[in-house]
Amino acid sequence: KFSTYEAVRKTISINDAMLKSNMIAVNIIEKEDCEAIGFRNEYSQVLMNIIYNAKDILVEKKVENPKITITVEKCGDKSKVSIADNGGGIPEDILDKIFEPYFTTKEQGKGTGLGLYMSKVIIEKNMGGELKAENSEDGAVFIIIL
């Protein structure tokens, strides 16, 4: 068992310098901390991958006042962590492909297309949870339920 809030907080702490150097504001909203059962380090790796992808799109699109908002809450008897950015979202025509192996939107040599695929494997196959993506008004939202 591990605290999802603590996993989020520590992951942001590790990536603090990278986020600050790109002037990306991070807001963690803890509605309700909860415990998840699984591998904390693997969970942190998934968080880090999603945060890096958000950073890449915010920098690439030169978003004014770039931000990442992470919300930690309960969803019934499960934990739910949402990672949202204000980078404009994922084009609808590729939203259903982003978790496929070797699918990337990055220019050649900048991405392997394995990050989100491996993240999905970690959350869904290794930990029995769910990882999904959707768009909000401002950008992409990744939701992890364990």
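The values are calculated or read from the model by the stated rules, or taken from the named source; none is laboratory data. If you're wondering where the values come from, they're calculated on a predicted model, not measured in any experiment. Heads up, the Cβs are rebuilt from the backbone with ideal geometry, glycines too, and the neighbour counts pull from every protein chain shown. Just the protein is used for accessible areas: all its heavy atoms, side chains included, with ligands, DNA and RNA removed. Shrake-Rupley method; radii C 1.70, N 1.55, O 1.52, S 1.80 Å.
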Practice task
Name, by its number, the condition in (1) more than 21 Å from ILE14 (Cα to Cα); (2) open to solvent by 50 Å² or more (accessible area, probe 1.4 Å) that does not hold for GLN45.
Solution key: (1)
Completion exercise
Going through segment 10-55 in order, the residues found to be aliphatic (A, V, I, L, M), farther than 21 Å from ILE122 by Cβ, in contact with a strand residue (DSSP E or B) (Cβ under 9 Å, 6 or more places away or on another chain) and part of a helix (DSSP H, G or I) are LEU19
Completion exercise
Those residues of segment 75-97 that are touching a Ser or Thr at 6+ places or on another chain (Cβ under 9 Å), part of a loop (DSSP other than H, G, I, E, B), open to solvent by less than 50 Å² (accessible area, probe 1.4 Å) and within 25 Å of ALA25 (Cα to Cα) come to a total of 3
Handout entry: Boolean, LEU58 is crowded, with 20+ Cβ neighbours inside 10 Å, in a helix (DSSP H, G or I), more than 12 Å from the chain's Cα centre (by Cα) and among the aliphatic types (A, V, I, L, M)
Key = yes
Handout entry: Yes/no for ALA133 being in contact with a Leu (Cβ under 8 Å, 6 or more places away or on another chain), free of Cβ contacts under 8 Å to residues at least 60 places away in the same chain and assigned to a strand (DSSP E or B)
Key = yes
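Yes/no matrix, rows are residues, columns are (1) open to solvent by less than 20 Å² (accessible area, probe 1.4 Å); (2) touching a Lys or Arg at 6+ places or on another chain (Cβ under 7 Å); (3) without any contact (Cβ under 8 Å) to a residue 60 or more places away in the chain:
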position: THR4; (1), (2), (3): yes, no, no
position: ARG9; (1), (2), (3): no, no, yes
position: ASP16; (1), (2), (3): no, no, yes
position: ILE28; (1), (2), (3): no, yes, yes
position: GLY38; (1), (2), (3): no, no, no
position: LYS62; (1), (2), (3): no, no, yes
Fill in the blank from the handout: The residue that is surrounded by the most Cβ atoms within 10 Å (Cβ to Cβ), considering only those in segment 124-144 that are over 12 Å from the mean Cα position of the chain (by Cα) and farther than 19 Å from ASP93 by Cα, is GLY129
